[in-house]
Ligand SMILES: Nc1ncnc2c1ncn2[C@@H]1O[C@H](COP(=O)(O)OP(=O)(O)OP(=O)(O)O)[C@@H](O)[C@H]1O
Ligand SMILES: [Mg+2]
């Protein structure tokens, strides 16, 4: 990649015009192919990649506008310049709408003018791409301040991000769902020297195996029935940048082999292509699963595990960094004040206590949803306990166990403590005994026994 000659596809029904332009561009280190009408061009575009397409507008079989429409449908990314006579100006404006970058007027001006037009089209297209990326960057500039946290564990993660950002080392981010793994992946990329190159996301869990393979590695036309055109894989899209493999624990085994090879060789081979292509990609992977468990179960390859788990960042669940909760609540209240056009001031003391006490199985994502929902539903300026969803509002209090009723008897206090914990676990899991047992870290039979023994009343009341 890079350093190669750029390819131009010249589309015109007049062979003389094609030859004139071909001679001109070849002298300028471009590689030229020709097509005599839109249909032939369309065929070629599906077979290989062109940096530029220069096309006439009126041609037999398939004209320029129809060609542009088809290119758009196919998602072809070439820089398009149209050739047009002055009489065709309305078609030119149509062509711009269909993705053309510039036009060359017929009859032609000087060679320099034509070359300049092409360079300008290149520049415009580069600016357009940069703009999209810049826009992203502006959004992402604050990405670090978008991760709200003050707990020690998160501070340690922040400093790790800064330290490792510039290395090409593979990073594995683990943590329960909703803890902010994706935010951290983005922070690594946008704090790294690779930030000007793309950050490409792939959800390894959500896509069927064969589709995922072609997404990752790309394919050439005809590699399989639906491969109507050559398509770059995400590895190549991320060249120079970062590839974020989300939910890597869900990647099917056969693909794990291919991924491992790509990581080791730093090259990929698109489906149906003979040779491999070098890629320079930094990998960040994330998973909510415990990869060591997946290893033991034979669902994750050991060699890939060691290749990916070079630098591990473990994001703790929200319930283990409760000091972040008040900060996050403020942050989300501000966010949704803006989004929903509200002027809410915060939460009152008892409400905050409920929110801090809650276990947050869905972590920050769940907290964000709860804040948003409560804000949308309330008429108050300050959120109160009554505004909270049932499962949080109705949690029996956990702390402040008063020992008075049972004196200092360890046995009696243990029983009342157990009873409270069980009642609460059942409330949080909406009566799901399997989940409750897991939360309590006790076996299901033990839980069932104790529910009966202590006459625990079940369900959220
Ligand atoms: N520390 C944080 N500060 C602000 N917002 C956060 C923080 N952590 C998470 N969020 C928000 O919570 C939501 C979930 O975060 P994210 O998608 O990064 O989690 P995840 O760990 O990738 O989850 P999953 O495993 O389900 O994909 C996002 O809307 C994100 O913006
Ligand atoms: Mg995620």
Residue 145, sole failed condition from (1) surrounded by fewer than 18 Cβ atoms within 10 Å (Cβ to Cβ); (2) within 12 Å of ligand 1 (Cβ to nearest atom); (3) at pLDDT 80 or above
(3)
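Against the definition (in contact (Cβ under 8 Å) with a residue 60 or more places away in the chain and within 11 Å of ligand 1 (Cβ to nearest atom)), how does residue 321 come out, yes or no?
Values: in contact (Cβ under 8 Å) with a residue 60 or more places away in the chain: yes; within 11 Å of ligand 1 (Cβ to nearest atom): yes.
For residue 321, the condition - in contact (Cβ under 8 Å) with a residue 60 or more places away in the chain and within 11 Å of ligand 1 (Cβ to nearest atom) - is met.
If I filter the stretch 294-307 down to residues being more than 16 Å from ligand 1 (Cβ to nearest atom) and in a helix (DSSP H, G or I), which single residue comes out as farthest from residue 198 (Cα to Cα)?
Of the residues in the stretch 294-307, the ones more than 16 Å from ligand 1 (Cβ to nearest atom) are 295-307.
Add one more test, that the residue is in a helix (DSSP H, G or I), and what stays is 295-296, 302-307.
Values: 295: 31, 296: 35, 302: 29, 303: 27, 304: 24, 305: 25, 306: 26, 307: 22 Å.
The extreme case among them is 296.
Can you tell me how many residues within the stretch 267-289 are assigned to a loop (DSSP other than H, G, I, E, B) and in contact with a helix residue (DSSP H, G or I) (Cβ under 8 Å, 6 or more places away or on another chain)? Quick ask: steps written out before the conclusion?
Looking only at the stretch 267-289, we keep the residues that are assigned to a loop (DSSP other than H, G, I, E, B), and these are 269-270, 272-276, 279-281, 288-289.
Among the residues that remain, those that are also in contact with a helix residue (DSSP H, G or I) (Cβ under 8 Å, 6 or more places away or on another chain) are: 269-270, 276, 279, 281, 288-289.
Within the stretch 267-289, residues that are assigned to a loop (DSSP other than H, G, I, E, B) and in contact with a helix residue (DSSP H, G or I) (Cβ under 8 Å, 6 or more places away or on another chain) number 7.
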Given the criterion under 26 Å from residue 184 (Cα atoms) and in contact (Cβ under 8 Å) with a residue 24 or more places away in the chain, identify the matching residue among 218, 241.
241
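Which residue, of 98, 115, is at pLDDT 85 or above, more than 24 Å from residue 72 (Cβ to Cβ) and in the same structural domain as residue 30 (by TED's automatic domain parsing)? Write out each step before concluding.
Working: 98 fails: more than 24 Å from residue 72 (Cβ to Cβ).
That would be 115, the only listed residue that is at pLDDT 85 or above, more than 24 Å from residue 72 (Cβ to Cβ) and in the same structural domain as residue 30 (by TED's automatic domain parsing).
Per-residue answers, yes or no, for (1) under 39 Å from the mean Cα position of the chain (by Cα); (2) at pLDDT 95 or above; (3) assigned to a loop (DSSP other than H, G, I, E, B); (4) outside the structural domain of residue 151 (by TED's automatic domain parsing):
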position: 342; (1), (2), (3), (4): yes, no, yes, yes
position: 352; (1), (2), (3), (4): yes, no, no, yes
position: 361; (1), (2), (3), (4): yes, no, yes, yes
position: 364; (1), (2), (3), (4): yes, yes, no, yes
position: 371; (1), (2), (3), (4): yes, yes, no, yes
position: 376; (1), (2), (3), (4): yes, no, no, yes
position: 380; (1), (2), (3), (4): yes, no, yes, yes
position: 413; (1), (2), (3), (4): no, no, no, yes
position: 420; (1), (2), (3), (4): no, no, no, yes
Can you spot a residue in the stretch 309-320 that is away from ligand 2 (no atom under 16 Å from the Cβ) and either modelled with pLDDT of 95 or more or crowded, with 20+ Cβ neighbours inside 10 Å (or both)?
no
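The values are calculated or read from the model by the stated rules, or taken from the named source; none is laboratory data. The model shown is predicted, which means the values in this text are computed figures rather than measured ones. Every residue, glycine as well, gets a Cβ built from its backbone with ideal geometry; the counts of neighbours run over all protein chains shown.
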